[in-house]
Amino acid sequence: MTRRKAPVPKRPKPMKRAHAPHLTWAWPSDVGVESAYTIFTLTETDRQKIIAWAKKQDATAVKMQLKSGVFKDDPMTMARLRHGLPNYGACGGAITYHFTPTSLGVVLTVTHGVTKEKLDLTDYDSW
């Protein structure tokens, strides 16, 4: 008796929602997946906007950290700050992405960890 190999399931592709064309996300039930997960992706345009905004925020963060004098006793951190590299702590997480699905569309905001500034990339025109 020969054993048949079980077919390998393909990873489901995220579905595009009509009310949020700039983001791709899917509920598990939409793609026939048993486990609970949601996928959010950025467009290349949004990604480029975030990179440019983050560079400006990093420059502001360096100025804030140099002015505060918190790291004056740490020569390694001070050297990094003088070279324009802000200190984000042990984990290094500087940017937080907030994806908020609503009945109208997905709200996308990005928050900088040091400056606390927010960038709103929500595509309100598609609502």
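The values are calculated or read from the model by the stated rules, or taken from the named source; none is laboratory data. The shown structure was predicted, so the numbers you read here are calculated from the model rather than taken from an experiment. Cβ coordinates were reconstructed from backbone atoms using ideal geometry, including for glycine residues, and neighbour counts include every protein chain displayed.
Can you find even one residue in the stretch 32-41 that is at pLDDT 80 or above and out of contact with any Phe, Trp or Tyr (no Cβ under 7 Å at 6 or more places or on another chain)? Yes. Against the test of being exposed (fewer than 12 other Cβ atoms within 10 Å of the Cβ) and in contact with a helix residue (DSSP H, G or I) (Cβ under 9 Å, 6 or more places away or on another chain), the options K67, K116, K72, K55 yield a single qualifying residue, K72. The condition (being modelled with pLDDT under 80 and within 19 Å of L42 (Cα to Cα)) is satisfied by just one residue among G105, G93, G89: G93.
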